[in-house]
Amino acid sequence: MTVRVGFLGAGLIATFHSKMLRGSGEDVAWAGVHDPDRARAEAFAAASGATVCGTEDEVLDSCDAVYVCTWTSEHPRLVAAAVRRGLSVFCEKPLAPDLAGAEALAAEVVARGVVNQVGLVLRRSPAFNLARALVADPAAGRTMAVVFRDDQYIPTQGQYASTWRADRTRAGAGTLIEHSIHDVDMLEHLIGPVREVAARSANHHGHDGIEDVLSASLTFADGTLGTLTSVWHDVLTRPSLRRVEIFCRTRWVAVEDDWFGPVTWQDADAPPVTVTGEALLAACAERGIATPNPDGDFARAVRDGTPAHPDVTVALRAHRLVDAAYRSAAAGGAPVAV
């Protein structure tokens with residue numbers, strides 16, 4: 001069947017998902033789109049073929065599945081409206097501005113039993129999934145340490161222009177929940193469960209309740225130690241970048257950038273190996289690592305009525321890690337069990 005897809009929110013991230021859907025080649029039809037900024041909805045419609053709708057209900061009446069790509073505080077209300085109609089839903093991350101809201105949203109989605117997916121798209125990253133396979137390889141030995149740095153110019157400006165991210169009532173907080181919720185999810189995806197978090201945060205831009213630096217120390221269940229540093233700066237000429245180094249007993253793995261690498265690894269008494277782009281995809285294929293288009297995966301799940309991934313339960317775990325880091329920072333860096 002053709003999956004009719006609607007969009008609530010028509011900004012940069014909605015446009016990204018729309019392009020990914022088109023690139024997937026899945027049988028998808030663009031239904032309604034609504035945004036409080038009608039001009040933005042009209043621009044989205046002109047590019048995608050969607051129909052501009054004057055209300056959220058018009059969008060929900062027109063589709064089989066809906067993307068919720070609004071500011072964070074609207075996610076619980078709009079996801080609830082969709083799942084109560086039995087619609088499949090793709091919710092951008094984070095689920096809600098705080099853990100309680102995320103728990104309530106996840107509980108309702110699970111109770112309704114609808115196909116659902118969350119925008120933790122790094123789960124589909126070729127670079128990170130190759131790194132995960134390299135770390136899991138017995139030849140690497142046990143993991144010892146991981147160093148994760150994520151930096152981005154503060155997204156109230158530039159191509160993002162999401163001024164709402166300076167408003168804690170709509171965003172919840174700053175760089176950790178709004179950007180690096182990807183990173184805490186990826187750290188567990190790469191290494192395994194986190195047992196304890198100790199964090200410190202800072203606010204240099206002066207937006208109330210919106211931290212622009214957070215540094216966390218993580219203790220994993222297997223004893224691996226990790227650090228995460230997340231920074232929102234003002235270097236607009238610098239793209240959003242992630243760098244990760246993983247130290248195992250007999251292997252070192254590094255990821256530069258977060259999709260097509262390069263990924264570099266080095267074993268004991270061996271020269272380093274680096275792959276990027278097509279070579280990275282070939283390395284994934286050799287290891288049987290599937291790196292599908294996340295939006296195409298969602299469309300197929302809706303069509304077939306099968307579970308999509310990552311879903312709200314995966315996102316809720318990431319929210320628990322974020323909440324632990326914020327509680328630690330509020331307590332002056334005291335460790336918090338997860």
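The values are calculated or read from the model by the stated rules, or taken from the named source; none is laboratory data. Owing to the predicted nature of the structure, the values given are computational and were not obtained by experimental measurement. For neighbour counting, all protein chains shown are included, and Cβ atoms are generated from backbone atoms with ideal geometry for every residue, glycine included.
Go through VAL110, VAL114, VAL89 for me and flag whichever is closer than 16 Å to GLU58 by Cα and touching a residue at least 24 places away in the same chain (Cβ under 8 Å).
Testing whether each residue is closer than 16 Å to GLU58 by Cα and touching a residue at least 24 places away in the same chain (Cβ under 8 Å) leaves just VAL89.
For TYR67, all conditions in the list (1) closer than 30 Å to ARG327 by Cα; (2) of a type in the set (Phe, Trp, Tyr); (3) in contact with a His (Cβ under 8 Å, 6 or more places away or on another chain) hold save one; what is the number of the exception?
(1)
For THR51, which of the numbered conditions (1) surrounded by fewer than 24 Cβ atoms within 10 Å (Cβ to Cβ); (2) touching a Leu at 6+ places or on another chain (Cβ under 8 Å) fails to hold?
(2)
Looking at (1) within 11 Å of PHE128 (Cα to Cα); (2) without any contact (Cβ under 8 Å) to a residue 24 or more places away in the chain, which is the only condition VAL273 fails?
(1)
Any idea which of (1) buried (at least 18 other Cβ atoms within 10 Å of the Cβ); (2) among the β-branched types (Val, Ile, Thr); (3) assigned to a helix (DSSP H, G or I) is the one THR291 doesn't satisfy?
In the conditions (1) buried (at least 18 other Cβ atoms within 10 Å of the Cβ); (2) among the β-branched types (Val, Ile, Thr); (3) assigned to a helix (DSSP H, G or I), THR291 misses (3) alone.
Yes or no, residue by residue, for (1) in the same structural domain as GLU196 (by TED's automatic domain parsing); (2) assigned to a strand (DSSP E or B); (3) closer than 12 Å to ALA127 by Cα:
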site: PRO239; (1), (2), (3): yes, no, no
site: ARG243; (1), (2), (3): yes, yes, yes
site: ALA270; (1), (2), (3): yes, no, no
site: ALA283; (1), (2), (3): yes, no, yes
site: ASP323; (1), (2), (3): yes, no, no
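Test ARG165 against the stated conditions and say whether it is touching a Ser or Thr at 6+ places or on another chain (Cβ under 6 Å), within 25 Å of VAL235 (Cα to Cα) and buried (at least 19 other Cβ atoms within 10 Å of the Cβ).
Answer is yes for this residue.
Checking CYS63 against (1) outside any loop (DSSP other than H, G, I, E, B); (2) under 13 Å from VAL5 (Cα atoms): exactly one of these is not met. Which one?
The failed condition is (1).
When you go through (1) surrounded by fewer than 19 Cβ atoms within 10 Å (Cβ to Cβ); (2) under 30 Å from GLN266 (Cβ atoms) one by one for ALA111, which number turns out not to apply?
Evaluating ALA111 over (1) surrounded by fewer than 19 Cβ atoms within 10 Å (Cβ to Cβ); (2) under 30 Å from GLN266 (Cβ atoms) leaves (2) as the failure.
Quick one: how many residues across region 84-108 are surrounded by fewer than 21 Cβ atoms within 10 Å (Cβ to Cβ), of a type in the set (Gly, Ala, Ser) and not in a loop (DSSP other than H, G, I, E, B)?
So the count comes out to 4.
Return the residue satisfying two criteria in turn: it lies in region 11-47 and is under 16 Å from CYS63 (Cα atoms) and of a type in the set (A, V, I, L, M, F, W, C), and of such residues it is surrounded by the fewest Cβ atoms within 10 Å (Cβ to Cβ).
ALA29
Out of all the residues in region 172-230, which are within 15 Å of VAL338 (Cα to Cα) and surrounded by fewer than 18 Cβ atoms within 10 Å (Cβ to Cβ)?
GLY192, PRO193, ARG195, GLU196, SER217, THR219, ALA221, ASP222, GLY223, LEU225
When you go through GLY277, GLY296, GLY332 one by one, which is the residue that is out of contact with any Gly (no Cβ under 6 Å at 6 or more places or on another chain) and under 25 Å from ALA254 (Cβ atoms)? I'd like the intermediate steps shown before the answer.
Numbers: GLY296 fails: under 25 Å from ALA254 (Cβ atoms); GLY332 fails: under 25 Å from ALA254 (Cβ atoms).
The conditions single out GLY277.
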